[in-house]
Each structure stands twice: as structure tokens, then as C-alpha cells.
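Only one structure is covered here, and it is reproduced in the block below.
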Amino acid sequence: MRLISIDVLKEGMVLARTIWNEAGHPLLKKDVVINERIIQRLQQLNMHYLYIDDKISKGIEVQETVPTVIRNKAISTIKDSFQSIDGLNPVNASYVLDQQSKAIVSIVDELLLAVRSNDEILTILTDAYLFDEYLYQHSFQVTLYSIAIAKELGYSAEDLRLIAIGALLHDIGKLMVPKEILTKPDRLSCEEFETMKQHTRYGFDLLRNLHSISLIVAHCAFQHHERIDGSGYPRGLVDFEIHPFAKIIGVADVFDAVTTSRVYREKMLPSQGLAILEAGAGTIYDARIVNALKRSVVHYPKGVILKLSDGRRGIVSRQNTLNAAFPWIRIFEEQNQILTATYEINLVDNPNITIESIEVDYVVPSKIE
């Protein structure tokens, strides 16, 4: 399977992965043949990338770290828990959320098991899912990234659970932000952004009154937008003042935000999102956490075409657990000539070769489609 931009999707291509809606139902099933109506529908749904099957990518399969059934269960649990307190005053909301805590901890334990028992680099296929409510999907994905970071940093099982719960609930204060701001399809004005920033305090006030969940979780909600140079909010805390768990969730939050499609902004690919974080490592974000994320997640998704510094083109065929930034590449083009037989190289073994560009809009010559 090959990851492509919807801009080069055309009739006759074959969908390689089922696309799911937020309810966990298939919107478009694997193996469907693309037609113009489907292309128009996917454009309306704000999709930017998707997987297709073709000759050049034959045999390349992509598996998400967390199985679809667990993902759907997790998002359903998040949605039920969040909706159960939507519109309630803080006191009542805390009481109701306390009743939901058993289900929250249970799904966190399932996610921990899925990530901890998998030695592969974390893969989250955001493009295989469409959702109406960004908040639920985002909370799920930030939880997975936070678990992966904390696992890489060697946190204990008890701390991993707390970090995962803090990540799952880090944005719960957004339920108290006016709906017209929360769901605005365009960028927020300065005044609206100031209102949105209050979600950290709302979340803290809600979570600190829970009897069934540690107070640390409340601080994760309060501090996940703080930055080590003091440029964050709501209190402008600096490095040593920010709880370590909140630092982890803050990095995971940014990474998911920039690598997820929004109406007003096209998503970045993982390597691009990591570059944003790396640029701020040591100044805005804790460098240890950024580096742990880099070691834990896919940089270049399997099935994406890369152009190399020596002019060759290839498709990512395998991830490299020794260094996520240097995958295995199936070379199919040399000196602008399509090869009659492909071969693989491991970029770890080729330190003089760098990745020049990611080519999701590459048009494969018709003779090898």
C-alpha cells in the first residue's frame, strides 16, 4: 500500500485501508475502486492523505499499534465520559466524572497493554479515521503518544498509568468553552483565543475535585500548555515549575495537533511535526522528551515515497527499530529511470544518503501503476 495526497487521487485507484467514521462504522471499505463521486466526497470530508494499493507498493502492509476495535472502544469511552458532563456546573461535573472513572481507567489499562506489549515503533493511522468531534480523537491520540514517550523514558507502571489518565483528560476543560469558539472552523481571533486558553483552568478545577483520580491528573490539565522558557499559559511557569508529566503531555499534544488535519490547516507528516518540536527542544520543550518522542514514533510512514539525496526514489517498506529516522526503502527509480526490478536499502547502513523530500504527490508512471 502507498500513502498519497488526495490531490493525485484518481478514478480507478484501489483503496488499501478502510476509512472509519467516528462511530466506528466503515465509511469506505478496503478494496473499493475510486470514482469521481468518492473523490469529491473525500475532499468534502477534508481528507488530505489516504492509502491505495498499486504495483509499486505491493506487499507493503501498514498496521496501527492499537487495533481498530480497541481504538473505537477507547474513543467511545472518551466520548461517553465527556458528554456525560457537558453542560453541567463544575461541582456536578466532578461528581459525574467520578462515576465514570472506572471506565476511564479500564480503557487506559487496555491502551497501556497494547503499547507496552508492542516493541514496534508507534504507528497511529490518523488518515484512516474521520471524526466530527476533534476533541475525542485528539484525546485518544495524545494518550498514545504520551504513553510511548513515558515508556521510552523508563517510567514505572504506576506512573505510566497516571500519565495516560492525565493525557486522556488533559483537554476536558474545553467542554466549558463556548461551543461557537470550540467548533469554529476558522482560526480564532485574539479574544476568542484568550477564552480558549481558559480550558486549562477549567480542567484543573474540574479534575482536582475528583476522589477517584490523583490530583496529579488535574495538574496535567492545568500545565500542558506551559513551556520551559516561561512562554506558555496560563501561569507562565518555567522548566522546574512544570510537572514532568505535564511536560510529556504538552509535547504529545503539540505533535498530535500539527499532524492531524483541521479545516483551516493541512496536516503535517510525522517527520515535519517532529522538526517543529526539535526546533524548540531545549528552549520551549524539554529536550529529553522531544528526543524520546523521536525514538518512539514513526518519522516516515510505511508506503510513503521519498526522494533521496543521490537522486534515487523509493518507498518506505519497513521501519527501523534501531533508529526511527532511518527506515528501509524499496528503490524503484534511479537517474529518473524506472527500474525493472526493485531492491531495498537500509538508510542506517547508508549514512551519506539523506532524505531530500517526501513525495506524497508523486505520480507513478502508468506502466507500473
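The values are calculated or read from the model by the stated rules, or taken from the named source; none is laboratory data. Remember, it's a predicted structure, so these values are computed and weren't measured experimentally. When we count neighbours, we look across all protein chains shown, and the Cβ atoms used for this are built from the backbone with ideal geometry, even at glycine. Surface areas here come from the heavy atoms of the whole protein model, side chains and all, with no ligands, DNA or RNA. Shrake-Rupley method; radii C 1.70, N 1.55, O 1.52, S 1.80 Å.
With a Förster radius of 22 Å applied to the C-beta separation of Asn209 and Leu88, the computed FRET efficiency comes to 0.95.
Note on Glu266 and Asp7: their simple-model spin labels are 0.4 nm apart, each label 7 Å out from Cα toward Cβ.
Pulled fully out, how much extra length does the chain show between Glu120 and Gln198, if you take 0.36 nm times their separation in residues and subtract their Cα-Cα distance?
Working: separation 78, 0.36 × 78 = 28.08 nm, distance 3.74 nm.
Extra length available between Glu120 and Gln198 comes to 24.3 nm.
In the complete set of protein chains, residue-level accessible area for Lys73 is approximately 100 Å², probe 1.4 angstrom.
Projected label points at Ile70 and Asp349, each 7 Å from Cα along the beta carbon direction, are separated by 3.2 nanometres. The accessible surface of the chain, taken with every protein chain in place and a 1.4 Å probe, is 49 percent carbon and sulfur.
Beta bridges from DSSP with both residues in the range 1-137: antiparallel share about 90 percent, rounded to the nearest 5. The largest accessible area among Ser81, Ser231 belongs to the first residue in Ser231, Ser81, and the rest follow in falling order (1.4 Å probe, all chains).
The H on the amide N of Leu122, modeled in the peptide plane, is under 5 Å from the matching H of Val297, Val298, each at least 5 residues off or on a different chain.
Distant-in-sequence amide contacts of Leu9, defined by a placed amide H-H separation under 5 Å and a gap of 5 or more residues or a different chain, comprise nothing.
Put simply, the convex hull of the Cα atoms in the chain casts, on average, a shadow of 18.3 nm².
The range 303-321 and the range 199-229 have their alpha-carbon centroids 41 Å apart. Derived scalar couplings between HN and Hα for the range 325-330 equal 7, 10, x, 7, 10, 8 Hz in order, rounded to whole Hz, by the Karplus curve 6.51 cos²θ - 1.76 cosθ + 1.60 (θ = phi - 60°), x for Gly and Pro.
The phi torsions of the range 306-318, fed into the Karplus equation with coefficients 6.51, -1.76 and 1.60 and a -60° offset, translate into couplings of 10, 9, 9, 5, 8, x, 6, 10, x, 10, 5, 9, 8 Hz, rounded to whole numbers, with Gly and Pro shown as x. The modelled label-to-label distance between Tyr233 and Ser156, using points 7 Å beyond Cα along the C-beta direction, is 3.6 nm.
Legend: distances between Cα atoms for Lys102/Lys247; Lys247/Lys294; Lys174/Lys294; pairs beyond 18 Å are Lys102/Lys247; Lys174/Lys294.
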